[in-house]
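Taking it in order: structure first as structure tokens, then the write-up.
What follows draws every value from the coordinates through simple rules; no lab data is involved. All figures in this text were calculated on a predicted structure; none of them were measured in a lab. Cβ placement follows ideal geometry from the backbone for every residue including glycine, while neighbour counts extend to all protein chains displayed.
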């Protein structure tokens, strides 16, 4: 009679598969615990490039924070009505007193010629002219202390008779001005032209000759 059988009863065999499953589960838990308890030193640190980017951003933020604030733009001061009126009101120029002495005037240059340029200067000035009908110009450069002022050019023929008195109105302290007279050519000899101020004072005398 087999030892596994007693009084007609068969002894069940001990099953081993539950122990095997439990062992595998324990091993899995141990492996999981080892992996989760890995030291923090093994964790991946940010790459050098990312670290540099973070440092650069930090520096940029610090630089922006230390930048001095811009000064507020000051609006131009609006002048008061009193100041505006004071600027607009200019002292009036004193009127020329016709009873007072004439202002000081000086003739720097005087010349005679047959033509005048566009800038009121003589072209090819000369003091001798042929005896023929022609226009002769008398040019002066004059300085006046007070303007406006009027002067005269007085023309005299060879016999000494005044044949023309031409007024010239000056508006600049230094003026280039002229007058002219047409001679027939029959009055030969020495002609004279004078610059006279408003009081009759002779400022300049210029002569020229009309001859064959």
Convex hull volume of region 105-211 per residue (C-alpha atoms, cubic angstrom) = 85 Å³
Please report the relative contact order for region 105-211, taking Cα pairs under 8 Å with a sequence separation of at least 6, and give it as a percent rounded to a whole number.
-> 31 percent
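Efficiency by 1/(1 + (r/R0)^6): what FRET value for residue 128 and residue 192, r their Cβ-Cβ distance, R0 = 22 Å, to the nearest 0.05? Display every interim value, and only then the final one.
On the way: r = 14 Å, r/R0 = 0.65.
Calculated transfer efficiency: 0.95.
Ranked from highest to lowest mean number of other Cβ atoms within 10 Å per residue, what is the order of the peptides 199-209, 135-145?
On the way: 199-209: 14.3, 135-145: 19.3.
The packing order, highest mean first, is 135-145, 199-209.
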